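Remarks on the structure that follows.
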Amino acid sequence: MARAAVLGRLTWQLGEVAELIQETPRVSSLVLDVPDWPGHLAGQHVDVRLTAEDGYQAQRSYSIASAPESAQVTLTVERLPDGEVSPYLVGELRTGEKVELRGPIGGYFVWRAGDERPLLLIGGGSGIVPLMAMIRHHAATAAAAPVRLLYSSRSIEDVIYKDELARLTADDTGLAVAHTLTRSQPAGWEGYSRRIDGEMVAEVAWPKKDAPAVFICGPTAFVETASSLLVESGYDPAWIRTERFGATGG
C-alpha cells in the first residue's frame, strides 16, 4: 500500500487553471483544479513539466501555496527573465488551460497544525510561498500555536500576499508579521529597512526558552544567514528546518 501511494504521487497528472492572481508585478498565483489530487501537507512542493511542440520538455519544482484544507492547488510563481518555465506560467498561461504536474513531494519541510510549539517562519522573497501554506493551514484549522513571520522583500511592491497577511494579522488568528524592505521603502514606512541581522532576529524571534519550531525559506545566502543568526542566539539546530533555492533557470 505504501509503495502504491508513493507511485501515485509520482504520476504526472493535469491540473486545469481555474484562476490566475497577480500577486506582484513579477509574481502570479495559479489556482488549479486537479481531479485526482491526493492531498498535501503544508510545505510540500510539486514538479511542473512543459512540453513544446517539437517534444522538448522543461521541468521545475514549485512550492504549494494553498492550505491542505483547500479543494484546489495553488502554485505561486516568480517570473525569471531568462527562465524556461516561469515566463510561460507568469504571462502566457490562461484560465482553462492545463498544466502537467507531479506530487506532492517532500516530507521534511512540513508543518502540521497539531504541533503546538510556537512557530517561527522566516522568508526571503518568493521563499514566502511554502510558509504561506503553513499560515493558511494554521488559520483554516484555528491552530493553537502562535505564529511569528519575519518576511524580507526588496520593496513594498514585491511583498507577496501583502493584503492577505495584513488581514490574517488583523483577524487575530495568532499571527504576527514583521516586514523588512531591503531596497526601497514607502513614505511613512514603520517596518525594518535593512537585510536581516542579529538585532532584528532578536526582536522578532521567540525566546529560546520556548523551543519553537522554525522554518526558513529563501535564497541560499538568506537561509544560511538566518539559520546562523538563530543558532548564534542559542537556538538548537534541531528546531530549524530550511529550504533554499538558487538560480535554477526558472
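The values are calculated or read from the model by the stated rules, or taken from the named source; none is laboratory data. As the structure is a computational prediction, the values presented were derived from the model and not from experiment. Glycine also receives a Cβ, built like all others from the backbone with ideal geometry; neighbour counts cover every protein chain displayed.
Of all the residues in region 13-50, those that are among the hydroxyl-bearing types (Ser, Thr, Tyr) and at pLDDT below 95 number 0. Residues that are of a type outside the set (A, V, I, L, M, F, W, C) and either at pLDDT 95 or above or out of contact with any strand residue (DSSP E or B) (no Cβ under 8 Å at 6 or more places or on another chain) (or both) were ranked within region 1-12; the one that is surrounded by the fewest Cβ atoms within 10 Å (Cβ to Cβ) is 3.
Every residue, every condition in (1) surrounded by 17 or more Cβ atoms within 10 Å (Cβ to Cβ); (2) free of Cβ contacts under 8 Å to residues at least 40 places away in the same chain, yes or no:
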position	(1), (2)
208	no, yes
214	yes, no
219	yes, no
227	yes, yes
232	no, yes
242	yes, no
245	yes, no
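Scanning region 15-30 for residues that are of a type outside the set (Val, Ile, Thr) and either surrounded by 14 or more Cβ atoms within 10 Å (Cβ to Cβ) or touching a Leu at 6+ places or on another chain (Cβ under 7 Å) (or both) turns up 15, 16, 18, 20, 23, 26, 28, 29, 30.
If you take the residues in region 70-91 that are buried (at least 20 other Cβ atoms within 10 Å of the Cβ) and touching a helix residue (DSSP H, G or I) at 6+ places or on another chain (Cβ under 6 Å), which one is nearest to residue 158 (Cα to Cα)? In this case the residue turns out to be 78. Note on region 31-64: among residues that are of a type in the set (A, V, I, L, M) and closer than 26 Å to residue 143 by Cβ, the one that is surrounded by the fewest Cβ atoms within 10 Å (Cβ to Cβ) is 41. Selection of region 92-121 for residues being in contact with a helix residue (DSSP H, G or I) (Cβ under 7 Å, 6 or more places away or on another chain) and assigned to a loop (DSSP other than H, G, I, E, B) yields 109, 113, 118.
Any residue in region 27-39 that is without any contact (Cβ under 8 Å) to a residue 40 or more places away in the chain, out of contact with any Cys (no Cβ under 9 Å at 6 or more places or on another chain) and farther than 23 Å from residue 69 by Cβ? No, that holds for no residue. Screening residue 215 with (1) closer than 18 Å to residue 227 by Cβ; (2) out of contact with any strand residue (DSSP E or B) (no Cβ under 8 Å at 6 or more places or on another chain) gives one miss only, at (2). Scanning region 147-177 for residues that are small (Gly, Ala, Ser) and buried (at least 20 other Cβ atoms within 10 Å of the Cβ) turns up 152, 153. On inspection, residue 67 passes the criterion of being assigned to a loop (DSSP other than H, G, I, E, B) and either surrounded by 16 or more Cβ atoms within 10 Å (Cβ to Cβ) or among the hydrophobic types (A, V, I, L, M, F, W, C) (or both). For region 121-140, the condition holds for at least one residue, the condition being that it is farther than 19 Å from residue 44 by Cβ and not assigned by TED's automatic domain parsing to the domain that holds residue 50. If you go through region 195-216 and keep only what is of a type in the set (Lys, Arg) and under 17 Å from residue 145 (Cα atoms), you end up with 208, 209. Filtering region 102-146 to residues that are in contact with a Pro (Cβ under 8 Å, 6 or more places away or on another chain), under 16 Å from residue 211 (Cβ atoms) and surrounded by 24 or more Cβ atoms within 10 Å (Cβ to Cβ) leaves 119, 120.
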